[in-house]
Amino acid sequence: MKHRYTFYWILWGLGELSGLGQWLLLRWALPVPEHELLLTFSLLPFVYLVPNILGNHLPLNVTRLLARIGGYWFIYGYYMTLLLLPAFAVWLVCLAQPFGLSLDWGHTVFSVYYGRASLLGLAALLAVGSWRARHPVMHRIEMETEKPIERAFSVAFASDIHLGAVLGHSFAAELRRDMMNLQPDLILFGGDIIDGDLGYVLRDKSFKGFAGLKAPWGVYAVFGNHDTYGMNLSKEQKRLKQ
């Protein structure tokens, strides 16, 4: 547990550094007072930290809200940090003032258009990613084998479900319904059944969404690295068996 908390504290620190860099870029691109913008970029990493550190001590709805805001910030922050690299490279070039370029041009022209384009691109990425996360794509794959199987045998496989604050009980229930509609002979779950916080998943009763999931040859699952973040594989295994 100690190492898990250390991991989130490190992410918080990196998020604060990234937020400072974003502020240096976006304060020229957004019609927002500089102090308010800096405060926003300073608070967002903290919003991500709180539900991961204190989630089990907060009301479920509060944890869910903070975790969702923090989750979207994490994805945004990851890509925005990458987009800062070319921005800082341009600023370094402007310091040398080649071809008449200057920091003034970097602030009033480059930062404005690059910053706004980055935000619009990331907004589109988050919108598409959020929609796709809630609408799983089903692929049908047919394979032939020389093994002595008397008839066509169907396997339904789902992986990286990441149950948590974003995808919870209702998503698990929809997944169960979709898999049962396939009427497979065997059901398999790949790793990362939970996103990492087993306590939240149990409080949300997300696993109950799988109630009634069955197949003639059984339902089997393996754990992934995110399941180990829950710090109690035996408890997760017991709940899944139920």
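What follows draws every value from the coordinates through simple rules; no lab data is involved. Keep in mind the model is a prediction, meaning the values are calculated, not measured. Cβ: placed from backbone, ideal geometry, glycine included. Neighbour counts: every protein chain shown.
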Simple spin-label estimate for ILE149 and ARG203 in nanometres, 7 Å along Cα-Cβ = 4.3 nm
Which cross-chain or sequence-distant (5 or more) residues have an amide H under 5 Å from the amide H of PHE157, H modelled 1.01 Å from N in plane?
-> LEU188
Can you check what the Kirkwood hydrodynamic radius comes to for the stretch 94-161, Cα pairs only, in Å to one decimal?
-> 17.7 Å
Can you give the Rg and Dmax of the stretch 129-181 based on its C-alpha atoms, in angstrom?
-> 14.8, 45
Which whole-number value in Å³ per residue fits the convex hull of the alpha carbons of the stretch 1-60?
-> 83 Å³
Let me have the relative contact order for the stretch 2-133, percent, based on Cα pairs under 8 Å that are six or more residues apart.
-> 28 percent
For the stretch 96-242, fraction of C-alpha pairs farther apart than 19 Å, in % | 64 percent
Once both axes come from the Cα atoms, what is the angle between helix 60-96 and the longest principal axis of the chain, in degrees from 0 to 90, rounded to 10?
-> 40 degrees
The distance between the Cα centres of the stretch 39-117 and the stretch 198-229, in whole Å, is 34 Å
The stretch 195-235, Cα convex hull volume normalised per residue, Å³ = 78 Å³
In nm, spacing of pseudo-spin labels at HIS139 and HIS3 (7 Å Cα→C-beta vector) | 3.2 nm
If we count trypsin sites (Lys or Arg not before Pro) as exposed when they sit in a DSSP loop and have at most 14 other beta carbons within 10 Å, what is the longest stretch of the chain that avoids them all?
-> 1-133
Given C-alpha coordinates of the stretch 155-241, what is the ratio Rg to Rh with the Kirkwood estimate of Rh?
-> 0.94
Degrees separating the helix 34-54 axis from the principal Cα axis of the chain, which is the longest one = 20 degrees
Given labels modelled 7 Å from the Cα in the Cβ direction, how far is it in nm from HIS57 to MET180?
-> 4.0 nm
For the chain, give the magnitude of the charge dipole about the Cα centre (Cβ charges: +1 Lys/Arg, -1 Asp/Glu; no others), in debye to the nearest 20.
-> 780 debye
Between GLU34 and ILE10, Cβ-based FRET efficiency (R0 35 Å, step 0.05) works out to 0.80
Dipole-positive endmost among ALA96, LEU82, GLY106 within the stretch 2-133 (Cβ charges, Cα centre) = LEU82
Report, to the nearest 10°, how far helix 169-181 tilts away from the longest principal axis of the Cα atoms in the chain, using its own Cα long axis and a range of 0 to 90°.
-> 50 degrees
Could you list log10 I(q)/I(0) for the stretch 2-133 at q = 0.14 Å⁻¹, which the Debye formula gives when each Cα is one point scatterer?
-> -0.71
Residues listed by number, the stretch 58-81, amide nitrogen under 18 Å from LEU43 label point at 7 Å toward C-beta | 62-74, 77
